[in-house]
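To keep things clear, I will list the structure first and then write my remarks on it.
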Amino acid sequence: MTSDIRLAFAHPEERSVASAGTDPRDRISLRDHIVEVDIGAFQKERGHKQRVMFNVVVEVRPVAEPLNDDVDRILSYDRITEAIATELAAERLNLLETLAERVAERILAEPQAMRAFVRIEKLDIGPYKLGVEIVRSRAEAALRVIDQDGEEAAVHPLVVYFDAGAIADPGLAGRIDALMGQGVPLIFTVGLPDLDRPKTGHKPTQRRIDLLAIEQNAWALAARDSRCVVVATRTEIDWAIKRGQSVVWAPSKMVLDAVDGPKSADPVALALWLAEAMAAREIVVHGNVAVPAGSRVPVRQV
């Protein structure tokens, strides 16, 4: 068995170690937690409880000050089992995938949790285990607001990429009208301007220059349409989305501050990263640009 295949079936804790960055986080784990539950899409599964096994690993934010052996200063293991119990009690589900998403989202609502590995397996289907494993980070957890009925609901914005040609296009206002007509918050991202910029031959400094050039184009978009307000932080984006407003993203601060952020300044890759970080419903790409494969967010190129 190759190392890649072995790792694919390894415990989530081993997988979390293998995928850690240069600054690995502390981890807590729950192993082989078995619960009897009514779950499944097939008729033969309905009305019959079956054993489901949970393995969960949570990467946590290090505590800045001494623990002083105080349980209130850490993410308790009970919060993991409570997240599982709460989601199982909420409603009967057909899919393990849905259950895994909801458990991960509830765990990531804890202030210490940064990334969650959730593996769920059915034990009674046959002489084997059937399961699903997901990895979700705090950045990818959807923003939640209170809707008109007083219920908590997830908000999935639409991320829109404009290259320099789309920004300069006389039909820009019409494009923005059509996008805003969809009734969801918009986050505009932009490409590099059609201008010469310094070439340093040094990746770290070139990255900074390219990020600043992208931000120049963000301000150019704001100048073309007053509805496009430039923002630089996650807090500003969240504030606007909660109010159904649209913004233009200036990427430098978020990208440079991110622990697991993109290492290049490729504008489309940055837009895809933001779309995943914001749990966007879709990213719409305007312009003749290459779109990297592998995004977890649906991509539509126009």
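Figures for the structure shown
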{"item": "Extension gain (nm, one decimal) between Leu95 and Gln182, 0.36 nm per residue minus Cα-Cα", "result": "28.4 nm"}
{"item": "Spatially close lysines, pair count over the stretch 144-301: Cα under 18 Å, gap of eight or more or interchain", "result": "4"}
{"item": "HN-Hα J in Hz across the stretch 225-236 - Karplus 6.51, -1.76, 1.60, θ = phi - 60°, x for Gly and Pro", "result": "8, 5, 6, 9, 9, 7, 9, 10, 10, 5, 4, 5"}
{"item": "Order of Trp273, Trp219 - criterion: other Cβ atoms within 10 Å of each residue's Cβ, fewest first", "result": "Trp219, Trp273"}
{"item": "Placed amide H near Arg27: partners under 5 Å, 5+ positions off or other chain", "result": "Val60"}
{"item": "Within the stretch 224-247: backbone nitrogen closer than 16 Å to the Ala173 label point (7 Å, Cα to C-beta)", "result": "224-228"}
{"item": "Chain lengthening between Met53 and Ala154 when straightened (0.36 nm per residue, less Cα-Cα)", "result": "33.6 nm"}
{"item": "Footprinting exposure proxy for Lys122, Lys49 (fewest neighbouring C-beta atoms within 10 Å first)", "result": "Lys49, Lys122"}
{"item": "For the stretch 144-301, Kirkwood radius (reciprocal of mean inverse C-alpha pair distance, Å)", "result": "16.0 Å"}
{"item": "24 Å Cα-Cα reach of Lys122 towards lysines, excluding residues that sit fewer than 8 places from it in its own chain", "result": "Lys44, Lys49"}
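We did not get these values from a lab; they are worked out from the coordinates using the rules stated. All values reported here derive from a predicted model rather than from experimental measurement. Counting neighbours? That spans all protein chains shown, and the Cβs are built from the backbone with ideal geometry, glycine included.
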